[in-house]
1. Can you confirm whether Leu22 is under 30 Å from Pro99 (Cα atoms), at pLDDT 80 or above and surrounded by fewer than 15 Cβ atoms within 10 Å (Cβ to Cβ)?
Amino acid sequence: MKESVRQELDQSTKLAFDRTQLAADRTILAWVRTATSLITFGFAIYSFFGIPTGAGHAHVSHLGPRVFALALIAIGLLSLMFAAIQRQRDIKVTKLLYPDVKRVSMASTVGFMVAALGVLALVILLLRL
């Protein structure tokens, strides 16, 4: 049988790996920032237009603020989901190339927390709390 020989990564390869991982973290954080903006903007629109304006100020619209807010929050959550899928693909490729290098990303953790807040905002709007 053929024995697999494990080689230690040299310093230059380790630094290149770290640069790649930091770039991936920056990318996921950019997606988190975009999703956070969409979610908060959607929730703010719902809250702002939910203020009663009085009986004389009734506004008839096909696309109300609630539907628009739900759409923005859903787009924010979808963008986080797509970013998480892309991040998992990147991790698989990296582990195939460098199986000995293990690194936990805090950016993914932040993305998960923002997604949880987005789901909470979506539930609040759906239940009209």
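1. On the way: under 30 Å from Pro99 (Cα atoms): yes; at pLDDT 80 or above: yes; surrounded by fewer than 15 Cβ atoms within 10 Å (Cβ to Cβ): yes.
Here the answer is yes, as Leu22 does meet what is asked.
Residue-wise test of (1) at pLDDT 80 or above; (2) out of contact with any helix residue (DSSP H, G or I) (no Cβ under 6 Å at 6 or more places or on another chain); (3) farther than 16 Å from Val110 by Cα; (4) part of a helix (DSSP H, G or I).
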| site | (1), (2), (3), (4) |
| --- | --- |
| Lys2 | no, yes, yes, no |
| Val5 | no, yes, yes, no |
| Thr13 | yes, yes, yes, yes |
| Ala16 | yes, yes, yes, yes |
| Val32 | yes, no, no, yes |
| Ile39 | yes, no, no, yes |
| Ser47 | no, yes, yes, yes |
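A quick yes/no check of all residues on (1) under 26 Å from Ile39 (Cα atoms); (2) exposed (fewer than 15 other Cβ atoms within 10 Å of the Cβ):
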site: Gly76; (1), (2): yes, no
site: Leu80; (1), (2): yes, no
site: Ala83; (1), (2): yes, no
site: Gln86; (1), (2): yes, yes
site: Lys92; (1), (2): no, yes
site: Leu96; (1), (2): no, yes
site: Ser105; (1), (2): yes, no
site: Thr109; (1), (2): yes, yes
site: Met113; (1), (2): yes, yes
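The values are calculated or read from the model by the stated rules, or taken from the named source; none is laboratory data. This structure is a prediction, so every number in the text was calculated from the model and none was measured. With ideal geometry, Cβ positions are generated from the backbone for all residues, glycine too; neighbour counts draw on all protein chains shown.
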